[in-house]
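This report refers to the structure that appears directly beneath it.
The values are calculated or read from the model by the stated rules, or taken from the named source; none is laboratory data. Please read these numbers as outputs of a predicted model, since none were measured by experiment. Here the Cβ is made from the backbone with ideal geometry for all residues, glycine too, and neighbour counts use every protein chain on show. Note: accessible area is taken over every heavy atom of the protein model, side chains too, but ligands, DNA and RNA are not part of it. Shrake-Rupley method; radii C 1.70, N 1.55, O 1.52, S 1.80 Å.
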Amino acid sequence: MLRSILYHILEQDESIFFDLQREFREVHHGNISKWPYESLKNTLSSFANLPSTKPIYLILDAVDESEEDDRREIIKLLCNLCSKENRCHIKVFLASRPVAELQRHIGKHHLIKLQNENKDDISKFAGNFLSNDLMLTGSDFGRARDYINNNARGVFVWVALVKKELSTYFDTGYREEEILKYLTSLPKELQGFYKLMLDRLESGTDRDIQDGQKILRWVLFGFRPLTVVELCHALAVPDDRSLMVSYEEFRQREVRGMEKRIVHCGGNFLEINLDGTVQLMHQTVREFLLQTFQDATNSNLATTDTNVHTAMITTSLQYLMLCFTICPTMRDRFSTIETWASEDFQAYVKYLDQWPLLNYTLSSLDYHYRYCGPNECISQLISTLIDQLILNQASCFLGAWVDSCFGKTNNVRSSPQNNILSRMRIIRRDQTVPVYKHPVTAEDFSYNALDAAAAVGLSRLVDTLLISCSKDGCSAQINTLLIITAGKGLKYISQLFLDRRANPNSKDSSGQTALHHAAKNGHEAVAQLLLQHGAQKGARDNKGRMALRLAILKLIAG
């Protein structure tokens, strides 16, 4: 956290680095990659004596969620900085639930208690749903609103949970005199509310419990937030299977109406964002569920971190086999193509786009693999997967990913899979694949797939394909594809390439940059995007023309 604070300060005032150079160079002398903790403390403490007159503002959210020892040192250091009269003007805002370290230091600093500040907001929110949603009036309305105000203690999460409970109760039908009785029966603490919600989930059918456990597992332990469609495919792969799942079984297990399933099996613990990602409704839910997963005596959800990651990597490996070896479309069509034409690549990328969990699997498998520990079943699945990938030319672009993901793990190196990895490297570097009737390397196969995905606007798949080959150095191809997508006006994919460090000033054989191509095709939004990322307005092509001239010619031509 200290290093993060220091970097954020330097972002606000780069001139401060001039005064920190000596400490920085002493620390990093001899290729020391980690900044020692004591040196960081000394560096931050020295800000009190820096000559800078530019104000520095620091906002630290969720301080209570940091490590206790780290938190204690940081709070003490920041409070000392703020309490001194010095030339470097520093203001710090700490957002936190009550913790002992803060209580000891806040006496001489300004304190804002959230429950005092948002009391009116909670009153308005409660009054709104009590009158509009529950249609309470008169004294019942007043007593219910006052009860919520008096017990919320500034915690909007509790109020939101009360609203959901009362709304569910309302939908079943009730008498007016019963609503206050039910309201006062609800837990007054978040932990009690979470326990009530968990008990309901665990009282469901076996299928509900199994699906709920798997959904919560992927949300809690996922490498990144998953979307509804990604969770749908993860749920369709059975757990605890050492053998390959059939394509028919996978399709039969796909849930229709996955959003409803998430709400039903995840209860009020989960929420679905506008972008389709699924997340826990609050950080306190994460803390509660993690404790529940670790407590074998109190919950059917109990498990260990190792078992969770093992289950997730098992699902991921079987999903890859479903996509690249088992699915009839892959097996009967793409794996048999000898001469790939542009229409084959177009059909292929559309096929891959139908596997939404592919992106997550390729980007996170090595992450879960590090935590699952030695496991014979996992090793066998990896061996089977690589053996099957080798036999399928349509999956040859995964060679770099396989090498990077599994080539550095000790339990793989010491197993017979070492020979498989060597064979995968041969496919990646040496084996030729017929494309456009001309033999090219397997790396070029991925470039053609990227090109096809970019051409039809499959932004999610472009990201997936970049993951599969980015570890093998395809920056030149990314620059070329940026020019192509800019010329086609594909803003989202162009943004993705720029995020992957594509050079906006790279030129094609005619000397034209991505800005030239966007301008001559009338794609103003993409042109603005390129300019925001450093595209040079004055760059000229081989005929001496700037992008602006090409844009004018486009207007003249109509």
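Taking amide hydrogens as modeled 1.01 Å from N in the peptide plane, which residues meet the under 5 Å criterion relative to Trp340, leaving out close sequence neighbours?
Here the answer is Val435, Tyr436, Lys437, since their amide H atoms fall under 5 Å of that of Trp340.
By the scheme Lys and Arg +1, Asp and Glu -1, what is the net charge of all other residues having a beta-carbon under 14 Å from that of Ile59? Could you put the intermediate results ahead of the total?
On the way: positive: Lys91; negative: Glu11, Asp61.
Neighbourhood net charge equals -1.
Charges at C-beta only: +1 for Lys and Arg, -1 for Asp and Glu. How large is the resulting dipole of region 450-558 about its Cα centre, in Debye rounded to 20?
On the way: 14 positive and 7 negative charges, 75 e Å.
Computed charge dipole of region 450-558: roughly 360 debye.
Asp133 versus Tyr182, label points 7 Å from Cα toward the beta carbon: distance in nm?
1.2 nm
Determine the sum of side-chain charges near Gly534: Lys and Arg each +1, Asp and Glu each -1, restricted to other residues whose C-beta is under 15 angstrom from that of Gly534.
Details: positive: Arg500, Arg501, Lys507, Lys537; negative: Asp499.
Neighbourhood net charge equals +3.
Beta carbons within 10 angstrom, averaged per residue: use that to sort the peptides 133-140, 39-46, highest first. Write out the running numbers ahead of the final one.
Numbers: 133-140: 13.5, 39-46: 16.1.
Taking the mean over residues of other Cβ atoms within 10 Å, the ranking is 39-46, 133-140.
Each residue of region 278-294 in order: what ³J(HN,Hα) in whole Hz does its phi give by Karplus 6.51 cos²θ - 1.76 cosθ + 1.60, θ = phi - 60°, with x for Gly and Pro?
Calculated HN-Hα couplings, in order: 10, 9, 5, 6, 6, 4, 5, 5, 4, 4, 5, 5, 4, 5, 5, 4, 8 Hz.
Using θ = phi - 60° and the Karplus curve 6.51 cos²θ - 1.76 cosθ + 1.60, what whole-Hz ³J(HN,Hα) does each residue of region 118-130 get, with Gly and Pro shown as x?
Going residue by residue, I get 9, 4, 5, 5, 5, 4, 5, 5, 5, x, 5, 6, 5 Hz, with x marking Gly and Pro.
Which ³J(HN,Hα) values, rounded to whole Hz and listed in residue order, are derived for region 175-182 from phi using the Karplus coefficients 6.51, -1.76 and 1.60 in 6.51 cos²θ - 1.76 cosθ + 1.60 with θ = phi - 60°, glycine and proline given as x?
Here the 3J(HN,Hα) series is 8, 4, 6, 8, 5, 5, 5, 5 Hz.
Please find the FRET efficiency linking Thr339 to Ser203, where r is the Cβ-Cβ separation and R0 is fixed at 56 Å, and quote it to the nearest 0.05. Present the calculation step by step, with values, prior to reporting the outcome.
Details: r = 59 Å, r/R0 = 1.05.
It comes out at approximately 0.45.
For region 117-141 and region 207-241, what is the centre-to-centre distance using only Cα atoms, to the nearest Å?
Here the two parts' Cα centres lie 37 Å apart.
Residues with amide H under 5 Å of Ile56's amide H, sequence separation 5 or more or different chain, H placed in the peptide plane at 1.01 Å from N; which?
Amide H neighbours of Ile56, under 5 Å, 5+ apart: His89, Ile90, Lys91.
In region 482-516, whose amide N lies under 19 Å from the spot 7 Å out along Cα-to-Cβ of Arg540? List them in ranges.
Of the residues in region 482-516, 505-516 have backbone N under 19 Å from the label point off Arg540.
Which FRET efficiency, nearest 0.05, do Gln210 and Glu68 yield, Cβ-Cβ r, R0 41 Å?
Details: r = 36 Å, r/R0 = 0.88.
According to the calculation, E is roughly 0.70.
Ignoring any ligand, DNA or RNA, what whole percent of the accessible area of region 316-380 comes from carbon and sulfur when the probe is 1.4 angstrom?
Details: 1080 of 2430 Å².
Carbon-and-sulfur percentage of accessible area, whole number: 44.
How high is the FRET efficiency between Asn49 and His109 when r is their beta carbon distance and R₀ equals 35 Å, given to the nearest 0.05? Kindly include the intermediate steps, with their values, before the conclusion.
On the way: r = 21 Å, r/R0 = 0.60.
That gives a FRET efficiency of 0.95.
Could you tally the net charge around Arg175, taking each other residue with its Cβ under 12 Å from the Cβ of Arg175, Lys/Arg +1 and Asp/Glu -1?
Combined, the nearby Lys, Arg, Asp and Glu give -3.
Going toward the positive end of the dipole of region 138-255, with +1 on Lys and Arg Cβ and -1 on Asp and Glu Cβ, which of Ala236, Leu220, Asn149 do you reach last?
Farthest along the dipole direction, towards plus: Asn149.
Report in % the part of the accessible area of region 451-542 that belongs to carbon and sulfur, leaving out ligands and nucleic acids; probe 1.4 Å. Write down the numbers at each step before the final one.
On the way: 1770 of 4020 Å².
Its accessible area is 44 percent carbon and sulfur atoms.
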